[in-house]
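Single-structure report; data block below.
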């Protein structure tokens, strides 16, 4: 049986440590392995750089505006979507 395709979208803004902790936790999920997309809403606290340093091989990270979530939803249609919001 094919496992479900799962996508977790993390919305973040100026919460570097909380975002890293969230991404570390999501990285431990193994069944099924989700696609994780970070939408960074213009953080000025170094969130994007810290994520890039800790997860250098990740191609699923995205920096942009919260409005980019529409594009994510469209692109990931057909997957089970879960949203995580780390607020300012």
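Numbers below:
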| quantity | calculated |
| --- | --- |
| Count of segment 27-59 residues which are touching a strand residue (DSSP E or B) at 6+ places or on another chain (Cβ under 6 Å) and without any contact (Cβ under 8 Å) to a residue 24 or more places away in the chain | 1 |
| Test set (1) closer than 16 Å to residue 84 by Cα; (2) in contact with a helix residue (DSSP H, G or I) (Cβ under 8 Å, 6 or more places away or on another chain); (3) assigned to a helix (DSSP H, G or I) - residue 50 fails condition number | (1) |
| Residues (surrounded by fewer than 17 Cβ atoms within 10 Å (Cβ to Cβ) and within 14 Å of residue 85 (Cα to Cα)) located in segment 18-41 | 18, 21, 26 |
| Filter result for residue 81 (surrounded by 14 or more Cβ atoms within 10 Å (Cβ to Cβ), modelled with pLDDT under 80, in a strand (DSSP E or B) and touching a helix residue (DSSP H, G or I) at 6+ places or on another chain (Cβ under 8 Å)) | yes |
| Checklist (1) over 14 Å from the mean Cα position of the chain (by Cα); (2) modelled with pLDDT under 85; (3) loosely packed, with under 13 Cβ neighbours inside 10 Å applied to residue 65, failing item | (1) |
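The values are calculated or read from the model by the stated rules, or taken from the named source; none is laboratory data. Owing to the predicted nature of the structure, the values given are computational and were not obtained by experimental measurement. Every residue, glycine as well, gets a Cβ built from its backbone with ideal geometry; the counts of neighbours run over all protein chains shown.
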